[in-house]
Amino acid sequence: MSVSTESTLRSTSAPHELDLNHAEKLTPQQHGDSTPSDTMPEGGVAAWLTVTGSFIIQFCAFGYSTSFGVYQDFYTREYLTNESSSTISWIGSVNTFLVLGSGIIVGRLFDRGYFYWLLWGGSILTSFSLFMLSLAKPNQFYQIFLSQGLGAGLGSGILYVPSIAIVSQYFRERRALAMTIVSSGSSLGAFLHPLMLNKTINGSLGFANGTRANAGLISGLLLVSCLIMRTRLPPPTHVPELGRAIRGIVRDYAFIFASVGLLIFAIGYYFPLFYLQLDATTRGLDPTFAFYTLVIMNASSFIGRLTPGVLSQYKVPVGNMFAISSGGCAVLIFGMIGIKTDAAFVIFGIIYGFFAGMFVALLGPILSLLTEDIKELGARMGVAYLFTAIGGLLGGPINGALLTGNLVWWRPAVFSGVVTTVATVFFCAMLVVLHLKKRTTPSSSRLTASPTPMEPIEQSHRSQQSTLRKDSYTINGLLPVFWFQF
């Protein structure tokens, strides 16, 4: 890459209040010498089939993982009655940890050209694990933990990053549209899986047949994805070093505040997702209604995920939206202390789901905001998601221990509310550091959110496209890929 090209990319990736609409056009290529650029097809049969396959994987993988609240309720009340709610929550926590935390390794494998190995391997492991779950016997915790916590979690983690990254090979100008479609798969899964699971494992089919039916559905859909998804470009000849990015991270105070904040926030964030249905059930509410509390929250989360894109049309800064969404979640978690009626659960589910969806949709933009060298974006995202996964791993068991066997709901609500509030303080500190850094950055190298300064930057970017290599589709350069995805 020429010196002028690299300097242009560095100047356009300085910390700033990023505009979601314009940034998708500014995804830089990452490495290599000057060669003719590869033209993105921006559509076509292969492109949209790949988007469809990615949508299905998100539905089956992360959509299923975020439906664990159904299992937490069922295991606590009926299937694992010899275990505490804290012990049971380790199943969902480990599953979520593997889905998010494995990305730092799986992403590197994707960069090296192992897409099909990851696709088929993750699908087979997920399918096998879910069918093994259907064979688990009552009060046999280790059987459920191995199949659902470890097996299904690792299988979904192997699929998660490749299903997102592959879309960037086909789209640049329409990437935001394509990724919105892909990410909606996890939202649809989080909405439909609880409906199906509640109707089957809590219905006439029972746990074994209900889980088997769900496993059959997921296996069939994953097979379809494996058959229709295709890579378009060969693997890159050079993959950026992870160590270089980590060395930069330890000197970036804004990123450190964000990472620590994400770890702390995730400890409390998953409390409503794991325990809301159990809370509604044990409050003596109508069982049919209680089964829909998680569905209501996940449906509202889908709206929340789309909101940042709408607000960006009005130039609302990404950092402000991020802090507001985390603060909203913190306040609402405190509110769980007082919810006892049907109406209260509905209102809580709608509002918390909205803020939670908004928060996870902003993870990608806020991390890109914190990345000065865009070639380090993939590595930084891997580190940040690993911190988030660690927090999610710890949160469920801690909240379950505070809940105790007597189901004292105010204790985990207060704890989760406090930690999410502390995390919000860290996010505000991150914004302060970014503001101070922005003030010391020369205005000529700063990308503003106003339309007028964007025009020369976009023109400069287009003029440099002829010097960018076509093998630069690695996840280390995917700026908009994670925008609408958790």
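Read-outs throughout are calculated quantities, based only on the coordinates presented, and are distinct from any laboratory measurement. These figures come from a predicted structure and were not determined experimentally. Every residue, glycine among them, receives a Cβ derived from its backbone with ideal geometry; neighbour counts consider all protein chains shown.
Of the residues Tyr79, Tyr114, the one with the fewest other Cβ atoms within 10 Å heads the list, and the complete ranking is Tyr114, Tyr79.
Provide the FRET efficiency to the nearest 0.05 for the Leu436-Tyr114 pair, computing r from the beta carbons and using R0 = 35 Å. Kindly include the intermediate steps, with their values, before the conclusion.
Numbers: r = 42 Å, r/R0 = 1.19.
It comes to 0.25.
The length gained on full extension between Arg230 and Val422, counted as 0.36 nm times the residue separation minus their Cα-Cα distance, comes to 64.8 nm.
In what order do His193, His435 fall by count of nearby beta-carbon atoms within 10 Å, going from fewest to most? All intermediate terms of the calculation are to be shown ahead of the outcome.
Working: His193 25, His435 13.
By the 10 Å Cβ count, ascending: His435, His193.
Give me Met297, Met132, Met321 sorted ascending by neighbouring Cβ count inside 10 Å, so fewest comes first.
On the way: Met297 28, Met132 18, Met321 21.
Placing the least packed residue first, the sequence is Met132, Met321, Met297.
The 3J(HN,Hα) values that the Karplus relation (6.51, -1.76, 1.60; θ = phi - 60°) gives for the range 342-352 are, in residue order, 4, 4, 5, 5, 5, 4, 4, x, 5, 6, 5 Hz. Gly and Pro appear as x.
Legend: Rg and Dmax of the range 244-445, from Cα coordinates, 18.1, 62 Å.
R0 = 25 Å: FRET efficiency of Tyr142 with Ser204, Cβ-based, nearest 0.05? Could the numbers behind the result be given before it?
Working: r = 28 Å, r/R0 = 1.12.
Rounded to the nearest 0.05, the efficiency is 0.35.
Between Val331 and Ser84, the C-beta separation translates, for a Förster distance of 25 Å, into a calculated FRET efficiency of about 0.30.
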